[in-house]
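Heads up, the thing below is written out as structure tokens.
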Amino acid sequence: MREIKLADLKPGEEATICSLTGNSSGNDRLRELGLIDGTPLRVIKFAPLGDPIEIKVRGFYLSLRKSMARQIRVRLRGNIEN
């Protein structure tokens, strides 16, 4: 399967993190939040103007700016209901 950016997913889609791109300080923060390679996640929703994006990862809800979500490369896993 091809890798896409987390920011390109739609609500309800599930994916697995493949890699982090961008600056190292931003990547360090994402890793501290538990966003590491192989971690499954689900997109919950986008804010009314599209930013931030809310995801569910490791049993908790996390909001990320789209600029950060663009640094996370994922592989789509399938669709589920919110």
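Tell me, which strands (runs of 3 or more DSSP E) lie completely within the range 37-82 with 1 or more residues that are at pLDDT below 90 and under 13 Å from Thr16 (Cβ atoms)?
Values: elements: 40-46, 53-57, 60-64, 72-79.
Hits in the range 37-82: 72-79.
So for the range 1-18 (the condition being among the hydroxyl-bearing types (Ser, Thr, Tyr) and free of Cβ contacts under 8 Å to residues at least 60 places away in the same chain), does at least one residue qualify? There is no residue in the range 1-18 that is among the hydroxyl-bearing types (Ser, Thr, Tyr) and free of Cβ contacts under 8 Å to residues at least 60 places away in the same chain. Would it be correct to say that Gly34 is modelled with pLDDT under 90 and either in contact with a helix residue (DSSP H, G or I) (Cβ under 7 Å, 6 or more places away or on another chain) or assigned to a strand (DSSP E or B) (or both)? Here the answer is no, as Gly34 does not meet what is asked.
Taking the listed residues Leu30, Leu41, Leu20, the one that is in contact with a Lys or Arg (Cβ under 9 Å, 6 or more places away or on another chain), buried (at least 17 other Cβ atoms within 10 Å of the Cβ) and closer than 14 Å to Gln71 by Cα is Leu20, with no other qualifying.
The values are calculated or read from the model by the stated rules, or taken from the named source; none is laboratory data. Bear in mind that the values here come from a model prediction, so they are computed numbers and not experimental data. All Cβ positions, even for glycine, are placed from backbone atoms using ideal geometry, and neighbour counts span all protein chains on display.
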